[in-house]
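Read the structure below first, then the notes.
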Amino acid sequence: MLQTVIEQITLFLTGFIANILASLSGGGAGFVQLPVLIFLGLGFTEALGTHKVAVVALGLGSYARNHELKSINRTIAAEMIFIGCPAVALGSCLVTLVADWIAELILGIITIASVIYSIRRKNFGLENHEAELTRRDYALGGIWVALTGMLSGSFSSGAGLIGIMVLVMWFKQDIKKAIHHSMIFIALLWNFIGAFTLGTVAVIHWVWVPMLTLGAFLGGFAGTMIIKKVNAALIKKLFQSIMILSGVLLLWKSWEHF
């Protein structure tokens, strides 16, 4: 009985801490939550599915606190729905065919390269130039959305962070607006699609879902409340710090396979 109580408290705290950080930086909940689920005894695929079900609540918590949809770019929203969602489902179906360490190595390199680029660009994420986007920009951006969607479906961590990079670097959004888009479409919609798909091809540990979900919802709610009171420059630094940590952890995890 005591062990079960400790387990449930651990799950709640894991969900809360992981998702409050994710809501502030735009992603990275899986780097905290997924290892804990595996440490508690779940296999990778089962942990991944359970994680994705719970992280949907991050998007719900964020939306509950900030439900303004006027700031959403409709073209980007359409691409993330009609291009991103099928890509997420495809990625979730392919996850069992790709070695984890290969995905971790590639994503780690991409993550570190991206954060180095963001550091070199002093105005990264501090300006909004969406009005300058052309039809060609949106068309090519759809390719990035598809790739990010596949990443979201097939990998536990990093998709939200890479999604922020795409929104800032390609779609020219400021960091706060990019995080807002990420919470709605990646954390909420894409993770729901991924969880549903994985639920049909893998086992989800439903007993752990309630406490993880509660923690994720409250973490997303609290993080969105905090982010409104923090300036964009500080959010940018937090985002870059999470990115660096994520990249190093990915490379370290992949190195263990050699």
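The values are calculated or read from the model by the stated rules, or taken from the named source; none is laboratory data. Nothing here was measured: the structure is a model prediction, and the numbers come from that model. Backbone-built Cβ (ideal geometry, glycine too); neighbour counts: all protein chains shown.
Filter the range 111-131 down to the residues that are in a helix (DSSP H, G or I) and in contact with a helix residue (DSSP H, G or I) (Cβ under 7 Å, 6 or more places away or on another chain), then identify the one that is modelled with the highest pLDDT.
It comes out as I112.
Consider G149 carefully, then state whether it is at pLDDT 80 or above, surrounded by 24 or more Cβ atoms within 10 Å (Cβ to Cβ) and in contact with a Phe, Trp or Tyr (Cβ under 7 Å, 6 or more places away or on another chain).
yes
For K172, are the conditions met, namely being touching a residue at least 40 places away in the same chain (Cβ under 8 Å), outside any helix (DSSP H, G or I), under 30 Å from L105 (Cβ atoms) and among the basic types (K, R)?
yes
With respect to F192, determine if the residue is of a type in the set (F, W, Y) and farther than 19 Å from V115 by Cβ.
Criteria met by F192.
I'd like the full set of residues that are over 13 Å from C85 (Cα atoms) and assigned to a helix (DSSP H, G or I), limited to the range 145-158.
Across the range 145-158, there are no qualifying residues.
Can we say T134 is at pLDDT 75 or above, polar (S, T, N, Q), over 16 Å from the mean Cα position of the chain (by Cα) and surrounded by fewer than 17 Cβ atoms within 10 Å (Cβ to Cβ)?
yes
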